[in-house]
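Have a look at the structure below, then the notes.
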Amino acid sequence: MNPFDFHRPASVADAVRLRAAADDANYLAGGQSLLPTMKLGLAAPSALVDLARAGLAGITRQGETLRIGATTTHAAVAASSEVQQAIPALACLADGIGDPAVRSRGTIGGSLAQNDPAACWPAAVLGLGATVHTDRREIAADDFFEGLYETALEAGELITAVSFPLPQRAAYAKFKQPASRFALVGVFVGQGPKGVRVAVTGAGPVVFRVPAFEAALTKRWSAAALDGLQVVADGLNTDLHASAAYRAHLVGVLAKRAVAQAA
């Protein structure tokens, strides 16, 4: 690991300032993605700006919206009575991420900024039509995820929170890679203020929606409504864990499971 400067700001403004002052700096949230890549020599930032004291953790319900601060850990989301009451699907999703060590350190903001193609949080954000708040603006879920490890975030832009509209029903079903517990495929379904949405992670290079599933579920919320529907395998991921065809099949299977859970 290369040497680097370490900063621990006490506010968002200080974090943004310190990030901008270095030629090649990175924000540090939970570090569950960044630190391993640094140890492997795949990333070598000149400085790390630790967000632990920047005041970005916390969960609040504001009317019909649930707001989760960017440095809130997966474990905190899973254990939150506020989340369990407002959107229990989010608590279940968070409780299935990684292992206890990962959940106690990893954060929702770090996961979204990384945008790993097999991460769980992107499916929830896209599946509920959430809004990503930064130090500069608000970004709709449909505009946030752009490609493999790519997001709409600009250089130095910092995620501060995510706002989820409360759904009528929602659920997440995941087929885990047994070692990492990342999603070989994960499907989040939701019915709420943004309509019926079906978001898939793990299957392709970036999280995506399935309009055909959404149209069928809009007409009738039932697992049987998805009978005969499938996603095309072209463009999906193929690796040592699963082929594109297998992942395409899993999307349909997990979507039905999620719909049944939500019902």
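Brief remarks follow.
- Filtered residues of the stretch 142-164 (kept if in a loop (DSSP other than H, G, I, E, B) and either farther than 18 Å from Ala203 by Cβ or within 13 Å of the chain's Cα centre (by Cα) (or both)): Tyr149, Ala152, Leu153, Glu154, Ala155, Gly156, Glu157, Leu158
- Selection count, the stretch 157-182, where residues are of a type in the set (Gly, Ala, Ser), at pLDDT 95 or above and more than 15 Å from Ala86 (Cα to Cα): 2
- When the criteria are applied in full, Gly192 fails the requirement of being assigned by TED's automatic domain parsing to the domain that holds Thr71, within 14 Å of the chain's Cα centre (by Cα) and at pLDDT 95 or above.
- Qualifying residue in the stretch 129-149 (condition: touching a residue at least 24 places away in the same chain (Cβ under 8 Å) and of a type in the set (Lys, Arg)): no
- From Ala216, Ala242, residue being within 21 Å of Pro193 (Cα to Cα) and in the same structural domain as Ala199 (by TED's automatic domain parsing): Ala216
- Qualifying residue in the stretch 13-23 (condition: loosely packed, with under 15 Cβ neighbours inside 10 Å, hydrophobic (A, V, I, L, M, F, W, C) and closer than 19 Å to Ala161 by Cβ): yes
- Residues in the stretch 202-227 that are part of a loop (DSSP other than H, G, I, E, B) and out of contact with any helix residue (DSSP H, G or I) (no Cβ under 9 Å at 6 or more places or on another chain) were compared, and the one that is surrounded by the fewest Cβ atoms within 10 Å (Cβ to Cβ) is Arg220.
- Listed by first and then second residue, the pairs with beta-carbon distance under 8 Å, at least 6 apart or on different chains, first residue in the stretch 238-258 and closer than 19 Å to Ala170 by Cα, second of a type in the set (S, T, N, Q), are Val251/Gln230; Gly252/Gln230.
Here is a yes/no grid of residues against (1) of a type outside the set (A, V, I, L, M, F, W, C); (2) within 27 Å of Gln261 (Cα to Cα):
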residue	(1), (2)
Gly30	yes, no
Ala75	no, yes
Ser81	yes, yes
Ala91	no, yes
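- Residue check for Asp23: without any contact (Cβ under 8 Å) to a residue 60 or more places away in the chain, acidic (Asp, Glu) and either in contact with an Asp or Glu (Cβ under 7 Å, 6 or more places away or on another chain) or in the same structural domain as Gly129 (by TED's automatic domain parsing) (or both): no
- Every residue from the stretch 37-52 that is crowded, with 17+ Cβ neighbours inside 10 Å and either of a type outside the set (A, V, I, L, M) or under 13 Å from Ala13 (Cα atoms) (or both): Pro45, Val49, Asp50, Leu51
- On inspection, Asp99 does not qualify as free of Cβ contacts under 8 Å to residues at least 60 places away in the same chain and either more than 21 Å from the chain's Cα centre (by Cα) or in the same structural domain as Pro117 (by TED's automatic domain parsing) (or both).
- Condition check for Gly55: surrounded by fewer than 20 Cβ atoms within 10 Å (Cβ to Cβ), over 20 Å from Ala173 (Cα atoms) and at pLDDT 95 or above: yes
- Counted as qualifying within the stretch 83-128 are the helices (runs of 4 or more DSSP H) with 2 or more residues that are buried (at least 24 other Cβ atoms within 10 Å of the Cβ) and touching a helix residue (DSSP H, G or I) at 6+ places or on another chain (Cβ under 8 Å), namely 88-95, 108-114, 121-128.
- Restricting attention to the stretch 1-52, the residues being assigned to a loop (DSSP other than H, G, I, E, B) and either of a type in the set (A, V, I, L, M) or within 22 Å of the chain's Cα centre (by Cα) (or both) number 14.
The values are calculated or read from the model by the stated rules, or taken from the named source; none is laboratory data. Source: prediction; values computed, not measured. As a convention, Cβ positions derive from the backbone with ideal geometry for all residues, glycine included, and neighbour counts pool all protein chains shown.
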